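One structure is given here, and the rest of the page talks about it.
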C-alpha cells in the first residue's frame, strides 16, 4: 500500500501527483511555456498533500522524471525530489521521461514512439511496446524522411509528444500515426510506472543520482 509523491518537470508541464498503489489521490499541474517550475513546484507539492490530508512523512517514496528533457526543468525536479528524500529518509524512484510520455496513450497494436523536441530538427526518442516496455534505447537524433523506417516497415507506429510535429513534416509512411494534439509528460501517468518500480525495489542512490540529460547543456553568449 505505497504512497508515492510523483514529480514531473522535464518539459513545460510542471506536474505533481500523490498516488496510492498507482492510483491518484491528488494531482496538480500547469503547462507554462515560460517554465515557471521554480515558482510552482513546491506549492503544488503542498497542495496535493493538503488535498489528500497527508504530510511529507506519510509518503513511502518520491518518484521523479529522470529525463531527457529541459536541463533547467530536470534540475529543479530532481533537486526537489532528492531534498525530500534526504530530509525524510525516503527512497528515490527515477522514471524515464519518454516512458512517462508513452504511458499517456493506449494502443492495441504496433509500437509507441514518444518524442521530445531537442531544438532544430533534432528530437529525443525511444520506442515502447503497447505495454510500455522499452524496445529501443533513448537517443538524440535528427529527423529525416527515413527516420524510424525499421519500425514503420513492421507495423503501426504511434508518434507522441512535442517532437511529433517535426516528424509529421517529413515522414509520410502509411504506418505513421500522428496525434491530434500535443501531449506533455504528466506525473499522473507516472504513478503506475513508479508503483511498479517501488514493488521491485528499483530505487536510486540519492547521493549520486543525476538527471539523464542525454546532451550537454549549451549556453549562448549575448550579442554585443
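Laboratory data are not the source of any read-out in this text; all were calculated from the coordinates shown. None of the values given here were measured: they were computed from a predicted structure.
Things to note:
- Cα-based helix-to-principal-axis angle, 187-199 vs the chain, degrees rounded to 10: 70
- Angle between the chain longest axis and helix 71-88 axis [Cα atoms, degrees, rounded to 10]: 30
- Only one of (1) 0.93; (2) 1.18; (3) 1.02 was calculated from the structure for Cα Rg over 2.2 N^0.38 Å, and its label is (3).
- When only Cα pairs below 8 angstrom with a gap of at least 6 residues are kept, the range 105-177 shows a relative contact order of 34 percent.
- Looking at the chain alone, DSSP beta bridges between its own residues are antiparallel in about 65 percent of cases.
- Each helix, a run of at least 4 DSSP H residues, gives -39500 (n - 2.57); summed and divided by the residues of the chain, these come to -8500 deg cm²/dmol at 222 nm.
- Against the chain, whose longest principal axis is taken from its Cα atoms, helix 37-51 shows a tilt of about 60°.
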